Structure formats: structure tokens, C-alpha cells
Amino acid sequence: MRKALLSISLLVILLIAGCSQDNKENANVNTKKASSASEENQQWDLSPEFETSTGDKLVGQKDKVGIVGPEFKAGEVNKWLWHFWGDEQTIKGGNFKVVAINKDTGENEMALVTDAGTANERKVWNYEELAYSPNGVRGSDSSRPSNISLPKAGIWRLEVFIGTERFGTIVVDVK
């Protein structure tokens, strides 16, 4: 009987110690989230329009990534031309990927569309690797046409990746 009580007591102590450690880890995660809250709010400011070296106007991050195309409308597929500035190793660092994040839901969505306007039309996470062409279209080091569709109106953050590295961010208002 004593052994059973001792075993149960030991089990309860281990269980409490384990839960205590889990709470400490969760507290660290919550602290990280809270400290980045102001950073997160800034990430939802609409991206500014900027002028390229050739005088063209794009939306995005000057000397990093920019897009030009029609107004974003929910549920519609539209053509957008992406422009990238960077060194050859970075530009050719892997597939071009866009992760669209809705401000209200926080959900990650596919935004890029392949085979637009055909029976095979579908959303994808990424397109193939970018070509490097310094001083190319609108003074960029690479450009890539795309079809994009976002499912609902609101503020969307388009996180742009080249390979596994986040290259830039563009925040848009979808009507």
C-alpha cells in the first residue's frame, strides 16, 4: 500500500512539474507575440507607391519589390507584373512564391494563379525561379508577369519569397 501511495505521489509531482514547464514555454511565446504587436501593426500599413529609375510608378518596397496592374477586386483574376531589385544570387535563389495573409482572419492563402481563363485554372503557392536581367523592365533586376486572385475584400499582406527566404512584403486593399 505504501509503495502505491509513493508511486502516485511521485507521478503527481512529475505531472505538476511538467505542466509548470509547459506554462513557462507558453508564457515565452505569448511575450514574443506581445512584443511584436507594434511591429505587426506596421506590417498592415498599405504599401506606398514609388517611382522607379525609369519614372514608372509601382506599389511595394522601393529598390526591393514592386507590382503594377489593375485595382485588386475580390474573386477576380487579374494580371500583375512583379519587379525585383537585388543581386543575381538572391534573385535566382529559388522559386518565386507569394503567401497572401488576410488581416481580418490571419489565414494564409494562395494568390498566384496558373492557366488563368482556361479549364485548368488553379491557384498555386509558387512559380518557377526568376530570371536575372540587370537594368531590365522599369529598371528592375528581374520581372515576372503573374495572375493573382484574392478571395475576399479587405486588407491583404502579400509576403514574397524567393526560395525559402522572405524577400519583401506588399500590403494591398482588395475591393
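The values are calculated or read from the model by the stated rules, or taken from the named source; none is laboratory data. Note that the structure is a prediction, hence the values are computed from the model and not measured. Every residue, glycine among them, receives a Cβ derived from its backbone with ideal geometry; neighbour counts consider all protein chains shown. Heavy atoms of the whole protein, side chains included, go into the accessibility calculation; ligands, DNA and RNA do not. Shrake-Rupley method; radii C 1.70, N 1.55, O 1.52, S 1.80 Å.
A few comments on the model shown:
- Each residue in the stretch 90-143 was checked for being open to solvent by 50 Å² or more (accessible area, probe 1.4 Å), under 23 Å from Gly55 (Cβ atoms) and among the aliphatic types (A, V, I, L, M), and 1 of them qualify.
- Residues in the stretch 144-165 that are more than 22 Å from Glu71 (Cβ to Cβ) and hydrophobic (A, V, I, L, M, F, W, C) were compared, and the one that is surrounded by the most Cβ atoms within 10 Å (Cβ to Cβ) is Ile162.
- Note on the stretch 107-118: residues that are of a type in the set (Val, Ile, Thr) and assigned to a strand (DSSP E or B) total 2.
- Residue tally, condition assigned to a loop (DSSP other than H, G, I, E, B) and either open to solvent by 20 Å² or more (accessible area, probe 1.4 Å) or among the hydrophobic types (A, V, I, L, M, F, W, C) (or both), over the stretch 50-63: 6
- The set of residues in the stretch 136-174 that are of a type outside the set (S, T, N, Q) and not in a strand (DSSP E or B) comprises Gly136, Val137, Arg138, Gly139, Asp141, Leu150, Pro151, Lys152, Ala153, Gly163.
- Identity of the residue in the stretch 87-117, among the small types (Gly, Ala, Ser), out of contact with any Gly (no Cβ under 8 Å at 6 or more places or on another chain) and in contact (Cβ under 8 Å) with a residue 24 or more places away in the chain, that ends up farthest from Leu150 (Cα to Cα): Gly117
- Residue check, Gly168 open to solvent by less than 50 Å² (accessible area, probe 1.4 Å), of a type outside the set (Phe, Trp, Tyr), at pLDDT below 95 and touching a strand residue (DSSP E or B) at 6+ places or on another chain (Cβ under 8 Å): no
- Enumeration of residues in the stretch 64-86 that are touching a residue at least 12 places away in the same chain (Cβ under 8 Å), in a loop (DSSP other than H, G, I, E, B) and surrounded by fewer than 16 Cβ atoms within 10 Å (Cβ to Cβ): Glu71, Lys73, Ala74, Gly75, Glu76, Val77
- Within the stretch 87-106, being within 11 Å of Tyr132 (Cβ to Cβ), among the acidic types (Asp, Glu) and part of a loop (DSSP other than H, G, I, E, B) holds for one residue alone: Asp87.
- Residue match in the stretch 118-130 (condition: under 16 Å from Glu159 (Cα atoms) and among the hydroxyl-bearing types (Ser, Thr, Tyr)): yes
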